[in-house]
Amino acid sequence: MALLAVLAWAAPAGAHQPVFVDSTTVGAQPATPTLDDGTVSFAVYGTLDRPDATAEVDARYRAGDPLTAELLVPDLTPEHDLPTDELPHVVITAPDGTTTELRTTIREPFAEPITATNYLRLGRVSSTAAEGTYRFIVTGPAPSRFTLAIGTQEVPGTVTGYTAPPAGALEAWYATPPPDAATLGLEPSTTAPDPTIPDQGGNVQAARDLDTKRMEGPFVDDARPGRAAGLPLAIAALIIMIVAVTVILRARKARSVAAGPPPRRDPSD
């Protein structure tokens, strides 16, 4: 189980307070850190550096507190290209031992303006907490970075049992991809992302999430917008031309009627 390193500090209004989980501080954290109030907004940043690695954080709640959590990954390579079944997920264990899984149900792009970072939202959970401490364990079958957003109150919060990483931890985490399959001696995945996972508009994943090889080949796709619209446009142009000719002919006829018949010539002239 990966050890955690945590930093809690007052972030700008509207931003989750960061809690970093990073291999650069492995060994510095003697125990699982605890968010002292799980209703305060925290963002747990971490990296699963090998298949089935785990990272965990605890959070304390009072009975009846709202329990909210959201799982995200950077909208970067390799996380963006991982198939659904290789993305990280979260197991939430309640004080009584019951568990809830937070898995990928969406692939929704999200831009964080304060940190100038981009993410994919994978799933959310919202419920009412019991009295006690909940444990959030993040794991996955492929190396990946993740962000686990917990709580919604934008007020200063504290974390018990943490070691602060050096300045620039967020930038370093975001810019450092997890180890790839070659580094780990694994075969790379050939499974494409699941196109049935809806994006933020309720549609299937954006075209960039689909297998680009489907577009290769010499065939002509008559369903392309430009070709599909060709026949309707031609019919519309023909109708417009017929209407224009009809209007012109009627106008000429109207002018002829208004002018009357031509004057008769006298044979003696």
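No value in this document is a laboratory result; all are computed from the given coordinates. On a predicted model such as this, the values are computed, not experimentally measured, just so you know. Because the Cβ atoms are built from the backbone with ideal geometry, glycine has one as well, and the counts that use them run over all protein chains shown.
Figures for the structure shown
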quantity	calculated
Extension gain, residue 131 back to residue 246 (0.36 nm per residue minus Cα-Cα distance, nm)	33.2 nm
Distance (nanometres) between label positions extended 7 Å along Cα→Cβ at residue 99 and residue 54	0.8 nm
Relative contact order, percent, the stretch 17-184 [alpha-carbon distance under 8 Å, six or more residues apart]	38 percent
Span from the the stretch 143-157 Cα centroid across to the the stretch 75-141 one, whole angstrom	10 Å
Burial order of peptide ranges 101-107, 170-176 (average beta-carbon count within 10 Å, highest first)	101-107, 170-176
Sorted by Cβ neighbour density within 10 Å, fewest at the top, the residues 127, 41	127, 41
Computed lengthening from residue 91 to residue 124, 0.36 nm per intervening residue step minus Cα-Cα distance	10.7 nm
